[in-house]
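Just below is one structure, and these are the notes that go with it.
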Amino acid sequence: MPVEVETDGALIERSVRGRPDAFVEVARRHEVAVHGFLARRAGPQVAADLLGEVWVRAFAGRGGYDPAYPDARPWLFGIARNVLRSHWRAGRAAEHPAATGDPAGTGYPVAEDPWDDVIDRLDGPVRSRALRSAIRALPSAERDVLLLVAWEQLTPAQAATALGVPPGTARSRLHRARAALRLALAAGPAEEES
């Protein structure tokens, strides 16, 4: 007789309703994926530190999770993305205290996004100059969706959840990113900036 496995949504709901230990299973299921997400963006040492913050924030925010979603991975990637941004912002503030202002007048401080370092860590056949240049050239919103789908193996709808945008917006951004990459790769290798 097959054993029925509880969904992440059911575990989180149980955790909210008086069994906080049920959340441990959610963390166990997704620890490797969330750590990988962080490590690809901030390096393995920093990722180990940031992972704890992801779990603290996820546990604190679990009451807002919709248990109708059986897989918590997109939600956790969204939290991890916010933890990364806080980390980058704090690092930038420590290095350049005057650089954390709000030049666009958005009400939010500027967070440094170290995608060049991430791109430099790409390995294997993905190391082509044309692909690296094309990924660097993508607007950050398109790059975020592309990397969530390509690296983290999320569906476009799950990437939308992680990014806090409607699914149609994520699909559109992914389409534009893929089209830009196709054009760049069809054009051949580009000279990489040093």
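The values are calculated or read from the model by the stated rules, or taken from the named source; none is laboratory data. These figures come from a predicted structure and were not determined experimentally. As a convention, Cβ positions derive from the backbone with ideal geometry for all residues, glycine included, and neighbour counts pool all protein chains shown. Remember, those area values only see protein heavy atoms, side chains included, never the ligands or the DNA or RNA. Shrake-Rupley method; radii C 1.70, N 1.55, O 1.52, S 1.80 Å.
Values as computed for the structure displayed
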read-out	value
Stretch gain in nm, segment VAL5-LEU183, where the contour uses 0.36 nm per residue and the Cα spacing is subtracted	59.7 nm
LEU154 long-range amide H proximity, modeled H, under 5 Å	VAL149
Heavy-atom surface of the range 131-186, accessible at 1.4 Å and reported per residue (Å²)	47 Å²
Integer Hz, Karplus 6.51/-1.76/1.60 couplings in order for the range 37-54, x for Gly and Pro	4, 5, 5, 5, 9, 10, x, x, 5, 5, 4, 4, 5, 5, 4, x, 5, 4
In sequence order, calculated HN-Hα J values of the range 66-77 (Karplus, 6.51, -1.76, 1.60; Hz; x Gly/Pro)	8, x, 5, 8, x, 10, 8, 4, x, 4, 5, 5
TYR69 paired with THR169, simple spin-label distance in nm, labels 7 Å along Cα-to-beta-carbon	1.4 nm
Difference of contour (0.36 nm per residue) and Cα-Cα distance, SER133 to TRP151	4.8 nm
Area of THR155 that stays accessible when all protein chains are in place (1.4 Å probe, Å², to 10)	70 Å²
